[in-house]
1. Please tell me if S101 is out of contact with any Cys (no Cβ under 9 Å at 6 or more places or on another chain), within 22 Å of C178 (Cβ to Cβ) and modelled with pLDDT under 85.
2. So the check is Cβ under 7 Å with 6+ separation or different chains; which pairs have a first residue in segment 106-121 that's surrounded by fewer than 16 Cβ atoms within 10 Å (Cβ to Cβ) and a second one that's part of a helix (DSSP H, G or I) and modelled with pLDDT of 95 or more?
3. Looking for something modelled with pLDDT of 90 or more and in contact with a strand residue (DSSP E or B) (Cβ under 8 Å, 6 or more places away or on another chain) - is there at least one such residue anywhere in segment 31-43?
4. I need the helices (runs of 4 or more DSSP H) fully contained in segment 52-114, keeping only those with at least 2 residues that are under 21 Å from V36 (Cα atoms) and hydrophobic (A, V, I, L, M, F, W, C).
5. Mind telling me which of the residues A79, A115, A147 ends up being at pLDDT 95 or above and out of contact with any helix residue (DSSP H, G or I) (no Cβ under 6 Å at 6 or more places or on another chain)?
6. Six or more apart or on different chains, Cβ under 8 Å: which pairs go from a residue in segment 182-202 that's under 15 Å from L112 (Cα atoms) and modelled with pLDDT of 90 or more to one that's hydrophobic (A, V, I, L, M, F, W, C) and part of a loop (DSSP other than H, G, I, E, B)? Could you list them?
7. Out of curiosity, is G37 touching a residue at least 24 places away in the same chain (Cβ under 8 Å) and in contact with a Leu (Cβ under 7 Å, 6 or more places away or on another chain)?
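The values are calculated or read from the model by the stated rules, or taken from the named source; none is laboratory data. Owing to the predicted nature of the structure, the values given are computational and were not obtained by experimental measurement. Methodologically, a virtual Cβ is constructed for each residue, glycine included, from the backbone with ideal geometry; neighbour enumeration extends over all protein chains shown.
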Amino acid sequence: MQYDATVRPEGGLAAIRWRGGPLPWQFWTALAAVFVGWFPCDTLATSVGPLRLHFHFFDLASIILRPARLFTGVNRGDAITLPFGILCLAVLGTTLAPRMSRHRLAWLAPVLPLALMLFCGALLYAVSSGDAFTVDQNAGSIPSALARFGNALVGHASEVAARHVGIGFGAWLSLAACAYLAHGAVKGKWRPPQADRLPIPTTTSTTPAAIPTPPTQGGTS
């Protein structure tokens, strides 16, 4: 059996159970920085002449599906941007797991925001730098030559476009905060204190045990 130190704040948060007490202020500061970097601040910005487009982190799913949206903009009411934004909020919420769950892998939850950022960055790089035209291996020389020519044109256009795409302040802010949360998770900073994870010693009764009465001998002298 484990000791469960809980804090029950007054008001609407009375039902929250914090194992080992509330999380430290450093955790909340980093979590707030991730939220600000993902939502209010820009992750990417595109500048083409007088045109300037701003993209938040929750727009990346739509951009990954169609990289050309870096220059056409993102419809935040489409079928992918809103669900991905909800997923981002859910990932931020799971970082509270070390103090709200007894699962043995709960301590890994604060690593998820960093993993999501790295995954999205790698995926965006892959879809924007891959070949736009592919042909079957058994295709003749003319289709293969046309595919190489098309990929060369697209590659040149991508290099030109890359000079007009910049990384926004929100990306750097959230990346630093995510790295701090992940580092704290690995170092065990967000886990309950060790004393709160120790089993409660069993209590013994202070009432002395009754002394058994020896059996009496049968008969009288």
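1. Numbers: out of contact with any Cys (no Cβ under 9 Å at 6 or more places or on another chain): yes; within 22 Å of C178 (Cβ to Cβ): yes; modelled with pLDDT under 85: yes.
Against the criterion (out of contact with any Cys (no Cβ under 9 Å at 6 or more places or on another chain), within 22 Å of C178 (Cβ to Cβ) and modelled with pLDDT under 85), S101 qualifies.
2. none
3. So in segment 31-43, the residues modelled with pLDDT of 90 or more come out as 31-43.
From what is left, the residues that are in contact with a strand residue (DSSP E or B) (Cβ under 8 Å, 6 or more places away or on another chain) are 42-43.
Yes, segment 31-43 contains a residue that is modelled with pLDDT of 90 or more and in contact with a strand residue (DSSP E or B) (Cβ under 8 Å, 6 or more places away or on another chain).
4. Details: elements: 60-65, 69-72, 81-94, 97-100.
In segment 52-114, 60-65, 81-94 are the helices (runs of 4 or more DSSP H) which contain 2 or more residues that are under 21 Å from V36 (Cα atoms) and hydrophobic (A, V, I, L, M, F, W, C).
5. Details: A79 fails: at pLDDT 95 or above; A147 fails: at pLDDT 95 or above.
So the residue among A79, A115, A147 that is at pLDDT 95 or above and out of contact with any helix residue (DSSP H, G or I) (no Cβ under 6 Å at 6 or more places or on another chain) is A115.
6. From segment 182-202, the pairs are G184/W190.
7. On the way: touching a residue at least 24 places away in the same chain (Cβ under 8 Å): yes; in contact with a Leu (Cβ under 7 Å, 6 or more places away or on another chain): yes.
Answer is yes for this residue.
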